[in-house]
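Shown next, in structure tokens, is the structure this report addresses.
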Amino acid sequence: MNFGFLSIQQLSRMGKKKRFVFLTRMKRGGRDTDQNSSEEGTAEKFKKLRTTNAHSQTCDWGNLLQDIILQVFKYLPLLDRAHASQVCRNWNQVFHMPDLWRCFEFELNQPATSYLKATHPELIKQIIKRHSNHLQYVSFKVDSSKESAEAACDILSQLVNCSLKTLGLISTARPSFMDLPKIDDTPVDDPSLKVLVANNSDTLKLLKMSSCPHVSPAGILCVADQCHGLRELALNYHLLSDELLLALSSEKHVRLEHLRIDVVSENPGQTHFHTIQKSSWDAFIRHSPKVNLVMYFFLYEEEFDPFFRYETPATHLYFGRSVSKDVLGRVGMTCPRLVELVVCANGLRPLDEELIRIAERCKNLSAIGLGECEVSCSAFVEFVKMCGGRLSQLSIMEEVLIPDQKYSLEQIHWEVSKYLGRVWFPDMMPTW
């Protein structure tokens, strides 16, 4: 029915609902059409709208705001960004924006000896040519070949215009920098490090050289001398010495906030580890009393002899391989600053006495994780009772806890929760 041709009589006979619809539409100045005409008009409008939007989107991809493209590019891998940069001039300009080149990881591998992909040489040249002054967070990943180590040294010697905040030298296999014939003459050691530091003395905050066991300590001291913003240092234990600690403890050197030491055994039974004197540690702590000393151990049991013989200022200890009861007992006696302890494996001898000793002596302990170990339920409850609510992280596998006459596995979580002041359950190994 077409409301536009109704008479007064027909309108008066119309129901209230239909009359309301008619008057509303007339007020808007619109006229109702039959159902088919209405549907056809609506479909035509949507068709035009889709066509307009599709045409608009096609035309606007190349004209997107560069800030939007930049945010998208930040989520893309380098290769995908490179492909996208070929779409148009606008996208190519975004590809070279400094914000996308603050952080870069050089991967240097030889195809004949490594299955890992290497950064293309042409890309390296372009980065050094166009973006070296934008780099702030740089790391080198090299395989075990001398060629890769030499390539890393060459790149490092060319990064003289950047303002580095972090620098990492990482080996994906065994440390390869140590295999160079004359380490003192290579750019990775003192000469290039001094040049690099001279140009980044105000910005460098982190230096990581965990996989360069034969780099000269003089190079590390050069960094500490000139980089007044240096707050974090990561070294392989082979680089650590009494001389280095004492030098870092002098007034002219910065006060470090984090010192990470990786203690790694490359050849089981053939790696010799030296001992750091207590006086050297004491001097270092007096100079930097708030420093976090983080030590990662990947040793075999027979290689722990030089460690924890006297007081060590470690705050975070991570044992990645099996560690003996004797060593953990020494930890409790010699690490009063300990904040976090993680033990991946121990064996089949319960660690009851060792945990109690750690609770007694390590008054700052706030996090502990136990993997393939054994602890009686009673000893564990006593440990938690002694530490109390300061244990913010308590990660214990259920298999670690051995039921005894006092507590079963069903009872222990109530007791532990009571002393922690929060609900706690042991971790469970997933079953598939």
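Based on what the data block shows, is Phe297 buried (at least 20 other Cβ atoms within 10 Å of the Cβ) and within 23 Å of Cys373 (Cα to Cα)?
On the way: buried (at least 20 other Cβ atoms within 10 Å of the Cβ): yes; within 23 Å of Cys373 (Cα to Cα): yes.
When the stated conditions are applied, Phe297 passes them.
Return the total of residues in segment 213-261 being under 23 Å from the mean Cα position of the chain (by Cα), open to solvent by less than 20 Å² (accessible area, probe 1.4 Å) and either closer than 17 Å to Gln277 by Cα or modelled with pLDDT of 80 or more (or both).
8
Looking at Leu100, Leu108, which is the one that is modelled with pLDDT of 80 or more and open to solvent by less than 60 Å² (accessible area, probe 1.4 Å)? Please lay out each step first, then the result.
Working: Leu108 fails: modelled with pLDDT of 80 or more.
Matching residue, one of Leu100, Leu108: Leu100.
On the basis of being under 21 Å from Gly369 (Cα atoms) and either open to solvent by less than 60 Å² (accessible area, probe 1.4 Å) or in contact with a strand residue (DSSP E or B) (Cβ under 9 Å, 6 or more places away or on another chain) (or both), does Leu328 make the cut?
In short, yes.
Can you tell me how many residues in segment 297-325 are within 27 Å of the chain's Cα centre (by Cα) and aromatic (Phe, Trp, Tyr)? Reasoning before the result, please.
Restricting attention to segment 297-325, the residues satisfying the condition of being within 27 Å of the chain's Cα centre (by Cα) are 297-300, 312-323.
Next, from what is left, pick out any that are aromatic (Phe, Trp, Tyr): 297-298, 300, 318-319.
Summing the residues that are within 27 Å of the chain's Cα centre (by Cα) and aromatic (Phe, Trp, Tyr) in segment 297-325 gives 5.
Given the criteria of a type in the set (A, V, I, L, M, F, W, C), touching a helix residue (DSSP H, G or I) at 6+ places or on another chain (Cβ under 6 Å) and either farther than 20 Å from Met333 by Cα or touching a residue at least 40 places away in the same chain (Cβ under 8 Å) (or both), does Val416 qualify?
Numbers: of a type in the set (A, V, I, L, M, F, W, C): yes; touching a helix residue (DSSP H, G or I) at 6+ places or on another chain (Cβ under 6 Å): yes; either farther than 20 Å from Met333 by Cα or touching a residue at least 40 places away in the same chain (Cβ under 8 Å) (or both): yes.
Answer is yes for this residue.
For segment 393-432, what are the residues that are more than 33 Å from the chain's Cα centre (by Cα) and not β-branched (Val, Ile, Thr)? Can you show your working first?
Let us first name the residues in segment 393-432 that are more than 33 Å from the chain's Cα centre (by Cα), namely 402-412, 414-415, 418.
Residues satisfying the conditions are Pro403, Asp404, Gln405, Lys406, Tyr407, Ser408, Leu409, Glu410, Gln411, Trp414, Glu415, Lys418.
Can you tell me which of Leu259, Leu317 is under 25 Å from Glu372 (Cβ atoms) and not aromatic (Phe, Trp, Tyr)?
On the way: Leu259 fails: under 25 Å from Glu372 (Cβ atoms).
Leu317 is the lone residue from the list that is under 25 Å from Glu372 (Cβ atoms) and not aromatic (Phe, Trp, Tyr).
So which of Ile356, Ile368 ends up being touching a Leu at 6+ places or on another chain (Cβ under 8 Å) and either assigned to a loop (DSSP other than H, G, I, E, B) or open to solvent by less than 40 Å² (accessible area, probe 1.4 Å) (or both)?
Values: Ile356 fails: touching a Leu at 6+ places or on another chain (Cβ under 8 Å).
Answer to the check: Ile368.
What are the pairs, 6+ residues apart or on separate chains, where a residue within segment 300-312 that is among the acidic types (Asp, Glu) has its Cβ under 8 Å from a residue that is outside any loop (DSSP other than H, G, I, E, B)?
Here the result reads Glu301/Ser322; Glu301/Val327; Glu311/Lys278; Glu311/Trp281; Glu311/Thr334, each pair linking segment 300-312 to a residue that is outside any loop (DSSP other than H, G, I, E, B).
Name every residue in segment 371-392 that is under 30 Å from the mean Cα position of the chain (by Cα), buried (at least 19 other Cβ atoms within 10 Å of the Cβ) and more than 17 Å from Arg361 (Cβ to Cβ), in order of residue number.
Cys373
Does any residue in segment 379-394 that is more than 20 Å from Pro350 (Cβ to Cβ) and touching a residue at least 40 places away in the same chain (Cβ under 8 Å) come within less than 6 Å, Cβ to Cβ, of a residue that is open to solvent by less than 70 Å² (accessible area, probe 1.4 Å) and among the hydrophobic types (A, V, I, L, M, F, W, C) six or more places away or on a different chain, and which pairs are these?
Gln393/Ala367
The values are calculated or read from the model by the stated rules, or taken from the named source; none is laboratory data. What you are looking at is a predicted structure, and each value in this text was computed from that prediction instead of being measured. Positions of Cβ are backbone-derived with ideal geometry, glycine not excepted, and every protein chain shown enters the neighbour counts. Areas reflect the complete protein model, heavy atoms only, side chains present, ligands, DNA and RNA absent. Shrake-Rupley method; radii C 1.70, N 1.55, O 1.52, S 1.80 Å.
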